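So the structure is just underneath, and the comments pick up after that.
The values are calculated or read from the model by the stated rules, or taken from the named source; none is laboratory data. Quick caveat, the model's predicted, so the values are computed rather than measured. Note that each Cβ is placed from the backbone with ideal geometry, even for glycine, and that neighbours are counted across all protein chains shown. Areas reflect the complete protein model, heavy atoms only, side chains present, ligands, DNA and RNA absent. Shrake-Rupley method; radii C 1.70, N 1.55, O 1.52, S 1.80 Å.
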Amino acid sequence: MSLIPSIFGGRRTNVFDPFSLDMWDPFEGFLTPSALANAPAKDVAAFTNAKVDWKETPEAHVFKADLPGLKKEEVKVEVEDGNILQISGERSSENEEESDKWHRVERSSGKFMRRFRLPENAKMEEVKASMENGVLSVTVPKVPEKKPEVKSIDISG
């Protein structure tokens, strides 16, 4: 099966390497055309490798993105159109020397971008972001829910 990726995916695989069990993924790099309009082909994998968790607490929407090896200066967090949170950045590729012999290249380089449409209860003007140990944390506070006013009615009779 390790021949399939080298035929279709263009990955560096070796049929004699017992650890080279890569399987061809027909959906690898599959994104919307508008998201990839200006992306070079080698950057497609980088788009899909920015893994993000999104949880909603009673007080906020919390995003956690694994961005190992990136500094906070290489990452952008932006609010677009009032309710779209965009996380983007770029990971530089390593310099290759002519004397270098690569056995495996699995870490992606290039640009990445993730966009999230937030619900109307998000306070987009109060977004906060921090980065620690390669994990980007973005907190978007929520508008407190208005609790319905309940009025007791006396029953006559």
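Laid out as a table, the results:
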quantity: Residue match in the stretch 39-56 (condition: at pLDDT below 90, open to solvent by 60 Å² or more (accessible area, probe 1.4 Å) and farther than 30 Å from E132 by Cβ); calculated: yes
quantity: The lone exception for R104 - which of (1) in contact (Cβ under 8 Å) with a residue 40 or more places away in the chain; (2) under 17 Å from the mean Cα position of the chain (by Cα) it fails; calculated: (2)
quantity: E80 open to solvent by less than 70 Å² (accessible area, probe 1.4 Å) and among the acidic types (D, E); calculated: yes
quantity: Filter result (in a loop (DSSP other than H, G, I, E, B), more than 17 Å from T57 (Cβ to Cβ) and not polar (S, T, N, Q)) within the stretch 88-119; calculated: E94, E96, E97, E98, D100, K101, W102, H103, R104, V105, E106, R107
quantity: Filter result for L85 (part of a strand (DSSP E or B) and either among the β-branched types (V, I, T) or surrounded by 10 or more Cβ atoms within 10 Å (Cβ to Cβ) (or both)); calculated: yes
